[in-house]
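As structure tokens, the structure follows; a few thoughts come after it.
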Amino acid sequence: MEFSDRLSNLRQLLAPGARPPAEDERLLQLYWNRAELKKELSRLQDERHKLIEQLNKHEASYVRHSEQLLQLEEFLGNPETGPHGLVYFQLRSLWRASSAKVARFAQQLQQQQADREQRRHVLEFDRARRQQLADFDRRIATARSRADMMEAQLKLQDVKLEKMRGFWNYARRRRLSEEIATEREQWDLAATEVTDLSDDRNTLEDRAAPAFEGISIDGRRIVNTAVIAYAQQLVVTLSGGGLAVLAKETTTKRVFDMKYGTREECSRLMMLLREALAIVKNEKDDLGGLKERTDALRAVVSYRSDADTVPLTDSIGTLPVAVTLVSGLETGNKDKAGVNVLVDDYWDLYQALLQ
């Protein structure tokens, strides 16, 4: 049956007199209920398709991860490639531990700088308030002195007016009364000024310091340069055996693509890694020389604009650290390599910096 035929039948059923009003109302309600059910069915079908797509994605991800895990098991289980995998994952562990160390150091500096600036904020507010209160005190004292003098003058005028008796003093009494009225208005104004100044002073005295809006741009620059210097110092500390550079490589290369020389060279690297991890995970930092490095960095850094808090990468310079380059199963040495901790984002530095 065509849609026009169904519509014609519906009109006939709903035509006046065709059915009782109650039947018409029930039929119309059934029609709208059917439409709502179709909309709900369509929504549920769309939701079902989305869930099926998500399930297929999860299944594909599971299969892919299972294949990678099997490949990794075979790689680590192979006596020829296993040592390289162990070195790789220990280097990854060194990178994560170093990144966490830099992040903790940055958080500590941020908190210290925030506390320092907040205390300075409160002190500056209190200093300005004390100066304003002292100014109010001077103005109140001056206004009160003027009001007291005017009040004393009014009392003298009242006494003088009281002594003027007799009809022959009528004109003088009238002039004096007008003068007293004028002076009383002026005294009222002076007394009101004292009251208003006192109220303003009390309001200022009770006022709390405004909310601290956060670390200033200069404060964030101070924190960032110290964190950059800390990251540089960590690179220098881990430059023995090229550990810093090798750890960085694990962030961009897969374990299957890395070779670290012979079995003996892998063993040597793992010994160095054990010592390096002990240094990085030590809670007591050796901050010797960090202040000098930070001061030297602050003396040369530059910024793109007055609002920037992260220095230009070129302005911090590079670190000439000894590295070990590995190619295939052979290890070659390169005397010096320039490391820019911002360009290379050593220890996930950008995540630790204040923007």
- Sequence-distant residues sharing a close amide H with Val339 (under 5 Å, placed H): Leu319, Val321
- In the structure displayed, which of Lys50/Lys253; Lys57/Lys253; Lys57/Lys281; Lys101/Lys259; Lys253/Lys291; Lys50/Lys248 lie more than 31 Å apart, Cα to Cα? Lys50/Lys253; Lys57/Lys281; Lys253/Lys291; Lys50/Lys248
- Where does the chain land at 222 nm, in deg cm²/dmol rounded to the nearest 500, when only DSSP H runs of n ≥ 4 count, each adding -39500 (n - 2.57), divided by all residues? -25000 deg cm²/dmol
- In Å³ per residue, the alpha-carbon convex hull of the stretch 55-192 encloses 180 Å³
- Task: For the stretch 232-325, report the translational diffusion coefficient in µm²/s to the nearest whole number, using Stokes-Einstein at 20 °C, 1.002 mPa s, and a Kirkwood Rh over Cα pairs.
- Result: 135 µm²/s
- Hey, which aspartates and glutamates would be in cross-link range of Lys39, C-alpha to C-alpha under 16 Å, not counting anything within fewer than 8 residues on its own chain? Glu47
- Message: Using a 1.4 Å probe on the protein heavy atoms, what percent of the accessible area of the chain belongs to carbon and sulfur?
- Response: 53 percent
- Task: Would you compute, for the Cα atoms of the stretch 37-84, the largest minus smallest coordinate along each principal axis and list the three values in descending order, in whole Å?
- Result: 65, 11, 6
- Note on the structure: Square roots of five times the C-alpha gyration tensor eigenvalues of the chain, ordered largest first and given in whole Å, equal 76, 55, 14
- Once the Cα gyration tensor of the stretch 43-136 is found, what semi-axes does its equivalent ellipsoid get, as square roots of 5 times the eigenvalues, in whole Å, sorted largest first? 57, 31, 4
- Message: At 1.4 Å probe radius, can you tell me the per residue accessible area of the stretch 221-298 in Å²?
- Response: 50 Å²
- Gaussian network model of the chain, Cα springs within a sub-10 Å range: biggest mean-square fluctuation belongs to which of Val122, Val255, Val102? Val122
- Which GluC sites (Glu not before Pro) from the stretch 41-140 combine a DSSP loop assignment with at most 14 other Cβ atoms within 10 Å? Glu80
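The values are calculated or read from the model by the stated rules, or taken from the named source; none is laboratory data. These numbers come from a predicted model, not from an experiment. Because the Cβ atoms are built from the backbone with ideal geometry, glycine has one as well, and the counts that use them run over all protein chains shown. Protein only, heavy atoms only, side chains kept; ligands, DNA and RNA dropped before computing areas. Shrake-Rupley method; radii C 1.70, N 1.55, O 1.52, S 1.80 Å.
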